[in-house]
Amino acid sequence: MIGALTRRDRLRLAALFVGLFLALQLVPYGWRRSNPPVVAEPAWDSPRTRELFFRACADCHSNQTKWPWYSRIAPVSWLVVKDVERGREHLNASEWQREQKDAREAAEEVREGSMPLPIYLPAHPEARLDAVEKADLIRGLEATFGAERGDDERRGRSGGRDRGR
Ligand code: HEC
């Protein structure tokens, strides 16, 4: 089908795509990359927990996001901005002065493999934790944030698990 187009049509088509791509760059949503000030950090149980959190979680759960180059280019920028903004809403290790109601779910998210978000991993090999690192992070998150899930529904169940150190 493309073969049936004249050279001029193909040039027009290419110009149209370039124009659309450039137009996407003008959508302000993608410019919302920001790193607000670090107000307060949690009282980490150990430097190891902080290190692992910063390797695997902090880009979306702190105000110290390392914005990669492709986060400047729409439409990828929209996805990155959305993940960071939603991640910070749920858990922000730079704003520990405010309530962090999802913090106690952090260890469970790692245990289940839901966090870090799988989409983040191909471009961030440093966030792929091996078994020892994952166990250390889970233990550290429980020690730092607590281990109950959500409200009090799991208090009985999670209280004694993985606490031996
Ligand atoms: C690429 C960005 C990204 C990374 C990296 C990431 N998260 Fe998240 N996280 C999110 C987003 C987005 C949400 C909101 C998810 C939702 O609403 O479904 C979230 C939600 C959460 C929640 C709340 C869960 C809930 O259901 O309410 C916790 C806890 C959490 N993340 C912990 C972590 C931990 C711990 C790590 C590191 C091991 C991590 N995240 C890494 C983006 C990320």
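Look at (1) under 20 Å from LEU137 (Cα atoms); (2) among the basic types (Lys, Arg); (3) outside the structural domain of LEU137 (by TED's automatic domain parsing) and you find that ARG55 fails only one, number (3).
Would you tally the residues in region 119-137 being near the ligand (Cβ under 9 Å from one of its atoms), assigned to a helix (DSSP H, G or I) and closer than 28 Å to TRP69 by Cβ?
Of the residues in region 119-137, the ones near the ligand (Cβ under 9 Å from one of its atoms) are 119-121, 124, 127, 129, 134, 137.
Among the residues that remain, those that are also assigned to a helix (DSSP H, G or I) are: 119-120, 127, 134, 137.
Imposing the further condition that a residue be closer than 28 Å to TRP69 by Cβ reduces the set to 119-120, 127, 137.
Of the residues in that region, 4 qualify.
Does any residue in region 88-107 that is farther than 21 Å from ASP136 by Cβ and near the ligand (Cβ under 10 Å from one of its atoms) come within less than 8 Å, Cβ to Cβ, of a residue that is among the acidic types (Asp, Glu) and assigned to a loop (DSSP other than H, G, I, E, B) six or more places away or on a different chain, and which pairs are these? Hits for this filter: HIS90/ASP102.
The residues in region 62-95 that are surrounded by 16 or more Cβ atoms within 10 Å (Cβ to Cβ) and not in a helix (DSSP H, G or I) can be counted, and the count is 9. Does GLU99 satisfy the criteria of being in a loop (DSSP other than H, G, I, E, B) and over 25 Å from VAL132 (Cα atoms)? Judged against the criteria, GLU99 is a match. Only a single item in (1) within 12 Å of the ligand (Cβ to nearest atom); (2) more than 15 Å from GLY146 (Cα to Cα) is not met by TRP69, and it is number (1).
The values are calculated or read from the model by the stated rules, or taken from the named source; none is laboratory data. Computed from a predicted model, the values in this text were never measured in an experiment. With ideal geometry, Cβ positions are generated from the backbone for all residues, glycine too; neighbour counts draw on all protein chains shown.
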